[in-house]
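The structure appears right after this line, and notes come after that.
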Amino acid sequence: MVFANIAYFSLLLFLIPYVIWYVMRYKKNDASLQMSDTSVYADTPKTYKNYLLHVPFVLRVIFFILMIFVLARPQSTNSWQHSEVEGIDIMMAIDISTSMLAEDLKPNRLEAAKQVASEFINGRPNDNIGITLFAGESFTQCPLTVDHAVLLNLIKDAKCGIIEDGTAVGMGIANAVTRLKDSKAKSKVIILLTDGTNNRGDISPLTAAEIAKSFGIRVYTIGVGTNGTAPYPYPVGGTVQYVNLPVEIDEQTLTQIAGTTEANYFRATSNSKLKEVYEEIDKLEKTKLHVKEFSKKQEEYLPFALAAFLVLLLEIILRNVVLRRLP
């Protein structure tokens, strides 16, 4: 139940001085019949009228409250909502070659990519999302799922060295396509993140892009890494030595992949830039939400008005019949 004129409830504050006035008046009220000694009436039993003495006042207060409810216009709402959520199917293809250990992003490229990807997943609860990992070869870490808790745990387990080293960009795209090609979703997307150039695999990146295009899949590509050189950790004799290695990202091929599938290429040179890239993709690929809402309001003041009338009638009867005072 809702109230159309809720401001009228402020009138309830007037009950405070009214109650105070009634109490003070009752204490100062002189007896209508004065006697020199009332001890003779000390053992006189009380009648029901003694218990009803303050009932008219209570009824007057209840009447006042009920009338405020009437003025506030209570209303019942009959509403129903029809929602249709159309999620987007997204495969995230992440490079886990050893070059992703470079620390131009903090703590390194792979950990930064995992952190931002997790934030991206948390912001899209209605989408089917999966993960493909690739280096010298490719495999599915997690198929399309709406169980994002499982998905996030599997992202944490992604690390370098679990498969043969190298950068098979084409294989990464092809693996993601196999997970999306039979999808019934109207929007199918691959977000591919890499820091190098394709040097392994049986499928070239551009061929994989053409395959994705044939299934109506858009491939957003992200080149991650700073410009120039980046510090790379080398284990040497139980210690770690850092060597500055050149950053070699095949931006031309990544741009062609995105262009072939009517998507975009992005370059992320820092943690903040990588986050901005995922935020931009999030804006471009919004989940479609259709909501139809119907509402019908009905006035519900009548029960309160009837109750107020009965309370007022009862008070009049008590005050003028049952508790009537002789002049």
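Collect the residues in region 142-151 that are in contact with a strand residue (DSSP E or B) (Cβ under 6 Å, 6 or more places away or on another chain) and open to solvent by less than 40 Å² (accessible area, probe 1.4 Å), keeping them in residue-number order.
Cys142, Leu151
Table: residues versus (1) assigned to a strand (DSSP E or B); (2) open to solvent by 30 Å² or more (accessible area, probe 1.4 Å); (3) at pLDDT 95 or above.
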| residue | (1), (2), (3) |
| --- | --- |
| Ala185 | no, no, no |
| Arg200 | no, yes, no |
| Arg218 | yes, yes, yes |
| Ile222 | yes, no, yes |
| Gln256 | no, yes, yes |
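Okay, residues lined up against (1) among the charged types (D, E, K, R); (2) at pLDDT 75 or above; (3) open to solvent by less than 70 Å² (accessible area, probe 1.4 Å):
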| site | (1), (2), (3) |
| --- | --- |
| Leu12 | no, yes, yes |
| Ile16 | no, yes, no |
| Ile20 | no, yes, no |
| Ser32 | no, no, no |
| Arg60 | yes, yes, no |
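Looking only at region 289-321, filter to residues that are modelled with pLDDT under 70 and either out of contact with any strand residue (DSSP E or B) (no Cβ under 6 Å at 6 or more places or on another chain) or of a type outside the set (D, E, K, R) (or both); which one of those is nearest to Phe57 (Cα to Cα)? Quick ask: steps written out before the conclusion?
Within region 289-321, the first condition is being modelled with pLDDT under 70, and the residues that meet it are 289-295.
Filter once more, so that each one left must be either out of contact with any strand residue (DSSP E or B) (no Cβ under 6 Å at 6 or more places or on another chain) or of a type outside the set (D, E, K, R) (or both): 289-291, 294-295.
Values: Leu289: 56, His290: 55, Val291: 52, Phe294: 44, Ser295: 41 Å.
The extreme case among them is Ser295.
Which of the residues belonging to region 168-183 are closer than 25 Å to Leu101 by Cβ, open to solvent by less than 10 Å² (accessible area, probe 1.4 Å) and either in a loop (DSSP other than H, G, I, E, B) or out of contact with any helix residue (DSSP H, G or I) (no Cβ under 7 Å at 6 or more places or on another chain) (or both)?
Ala168, Gly172, Ala176
Looking at Ala113, Ala102, Ala135, which one is open to solvent by less than 10 Å² (accessible area, probe 1.4 Å), touching a helix residue (DSSP H, G or I) at 6+ places or on another chain (Cβ under 9 Å) and within 17 Å of Gly201 (Cβ to Cβ)? Give the steps one after another, and end with the answer.
Values: Ala113 fails: within 17 Å of Gly201 (Cβ to Cβ); Ala102 fails: within 17 Å of Gly201 (Cβ to Cβ).
Selected residue: Ala135, the only one of Ala113, Ala102, Ala135 that is open to solvent by less than 10 Å² (accessible area, probe 1.4 Å), touching a helix residue (DSSP H, G or I) at 6+ places or on another chain (Cβ under 9 Å) and within 17 Å of Gly201 (Cβ to Cβ).
Mind checking which pairs have a first residue in region 297-324 that is open to solvent by 80 Å² or more (accessible area, probe 1.4 Å) and a second that is part of a loop (DSSP other than H, G, I, E, B), Cβ under 8 Å, 6 or more apart or different chains?
Qualifying pairs under 8 Å: Tyr301/Arg73.
Restricted to region 224-246, and to residues that are modelled with pLDDT of 90 or more and assigned to a loop (DSSP other than H, G, I, E, B), which residue is most open to solvent (accessible area, probe 1.4 Å)?
Asn227
What residue, among those in region 202-216 that are of a type in the set (D, E, K, R) and not in a loop (DSSP other than H, G, I, E, B), is farthest from Glu279 (Cα to Cα)?
My answer is Glu210.
Can you tell me which condition Met91 does not meet? The list is (1) farther than 30 Å from Val240 by Cα; (2) assigned to a helix (DSSP H, G or I); (3) among the aliphatic types (A, V, I, L, M), and all the others hold.
Every condition holds for Met91 apart from (2).
The values are calculated or read from the model by the stated rules, or taken from the named source; none is laboratory data. What you see is a predicted model, and the numbers here were worked out from it, not measured in a lab. Because the Cβ atoms are built from the backbone with ideal geometry, glycine has one as well, and the counts that use them run over all protein chains shown. Accessible surface areas use protein heavy atoms only, side chains included; no ligands, DNA or RNA. Shrake-Rupley method; radii C 1.70, N 1.55, O 1.52, S 1.80 Å.
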